[in-house]
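Everything below concerns the one structure shown next.
No value in this document is a laboratory result; all are computed from the given coordinates. Being a predicted model, the structure only gives us computed values, none of them experimental. Every residue, glycine among them, receives a Cβ derived from its backbone with ideal geometry; neighbour counts consider all protein chains shown.
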Amino acid sequence: MDESETRIDTGPTGVTAFAWGLPSGIPLPLEPAENPMSEAKFQLGRHLFYDRRLSGNGSQSCSSCHRQSLAFTDGRALPTGSTGQVLARNAQSLVNNAYNATLTWANPSLTQLEQQITIPLFSEDPVEHGITDANRDTIMQSLRDEPVYGSLFGEAFPEDRDPFTYTNVVRALASFVRGLNSFDSAFDRFQRGDSTAISDAARRGQQLFDGERLECFHCHAGYNFSDSTIDRTTFFIERPFHNTGLFNIGGTGAFPENNTGLFDITGIATDMGKFRAPTLRNIAVTAPYMHDGSMATLEEVIRFYAAGGRNITSGPHAGDGRLSPFKDSLTAGFTISDDEISDVRAFLESLTDSGFLTHPRFSNPWTPSP
Ligand code: HEC
Ligand code: HEC
């Protein structure tokens, strides 16, 4: 892990022109110098996020795969792009993404939302929004033709003579996603002193989660429940990835070919099956779980950790994940009773921020939807 530690310059700790609405105790996230936050960019990004005109065939918006009521996931194991191509990975929640040290399930080089967001817009394999050289001008023209965008683009980028550019589309979308902050779950209220905010079961579940038998807190660490977190108080940044023992195809440690995690990017043998530990905020509404959407319930996930991995006994992926040579030593397995499993589940459910899931500020601004 040492080699991935980088010294960063996080800039001034208190300078921001944006009303983040963070509770006390939560540090400000980073803002890139070339795209500082503004309310006008956030609002433009919100309109674009829910606009299907921003796709090759007019069928897809970001919200097709990222629905607010599901903490911006889509409720499916694997999503489908605008031309029908099924993606290899589960749609991630867009919750406190401003604090992620890396973006997507496993890519150490994607560290800024501005980089990441070009992927769904322009990627050719897999196709998501399907914007190409052949249709990009027509799509931009359809945005120009929308009267609402005249003022939104102008206000968001007042210094530009012609603000209708894809660079600005990406900057605005990044500003919207960066502003999707969720820190008001029942558990947060409990931590702020409301002793009745969560049930006794959830309190017991928290003890288990934070204990050395289950070990969850090492990887799902800190205020965002992920050890891959960055903010303006971060001095040394780590970008960890972990193999939790989901696969061990043929006993070689292999993962399915199209989905090998960090290994896809680095080609280093020991990076096989390593993924970023995702935030667990709003986890109760983001089923199915894991990078391939292969687990239906939180109980199934907890039992998987208790077993110390997943043993697949037949089919092309057969192999005992519990014995994977690349598995993280913190997922060795543990004994747990059924009551304790319910307690851990109750704790995970207390991380739901229902205000975030319904807040008008994050919702679809269009009626009817374009
Ligand atoms: C076809 C479904 C689909 C569409 C459309 C889509 N996404 Fe995603 N999104 C995904 C999937 C799948 C991932 C995980 C990708 C991976 O790990 O390779 C993801 C990941 C992300 C992430 C990274 C989250 C994290 O925790 O690191 C962000 C940010 C994001 N999407 C924003 C957007 C925005 C903005 C749009 C619209 C321009 C968009 N997405 C459109 C499916 C989609
Ligand atoms: C060694 C680090 C590590 C430990 C320990 C760990 N996790 Fe995870 N967790 C991860 C990673 C990495 C993923 C994503 C794995 C994947 O999809 O391949 C994950 C995924 C999850 C998910 C699904 C998230 C989603 O968005 O689909 C849940 C729920 C979860 N963990 C809960 C727990 C609980 C509860 C414990 C303790 C019993 C725990 N984790 C222990 C690293 C860890």
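Taking the Cβ of Val86 as the centre, find all other residues whose Cβ is under 14 Å away and add up their charges (Lys, Arg: +1; Asp, Glu: -1). Its environment carries a net charge of -2.
Potential lengthening of the chain between Leu22 and Asn57 amounts to 8.8 nm, from the contour at 0.36 nm per residue minus the alpha-carbon distance. In a Gaussian network model over the chain where Cα atoms closer than 10 Å are linked, find which of Ala91, Ala201, Ala17 has the largest mean-square fluctuation. Residue with maximal mean-square fluctuation among Ala91, Ala201, Ala17: Ala17. Taking other Cβ atoms within 10 Å as a rough exposure proxy, Thr244, Thr367 sort from fewest to most as Thr367, Thr244. Counting Lys and Arg as +1 and Asp and Glu as -1 over every other residue whose Cβ lies under 10 Å from the Cβ of Ser228, the net charge comes to 0.
Extension gain, Ser329 to Asp133, is 65.9 nm, computed as 0.36 nm per intervening residue step minus the present C-alpha separation.
Given springs between every Cα pair under 10 Å in a Gaussian network model of the chain, which of Arg281, Arg178, Arg189 has the largest fluctuation? For the chain, modelled as a Gaussian network with Cα springs under 10 Å, the answer is Arg189. For the pair region 305-329 and region 215-279, the centres of their Cα atoms are 16 angstrom apart. Computed over the chain, the range of Cα coordinates on each principal axis works out to 63, 50, 42 Å, biggest value leading.
With Rh defined as the Kirkwood radius, the inverse of the mean 1/r over Cα pairs, the Rg/Rh of region 186-354 is 0.98. Taken about its Cα centre, region 186-354 carries a charge dipole of about 200 debye when Lys and Arg each add +1 at the Cβ and Asp and Glu each add -1 at the Cβ. Each Lys or Arg adds one and each Asp or Glu takes one away; over the other residues whose Cβ falls under 11 Å from the Cβ of Lys327, this sums to +1.
Spin-label model, Glu257/Arg303: points 7 Å from Cα along the beta carbon direction are separated by 3.2 nm.
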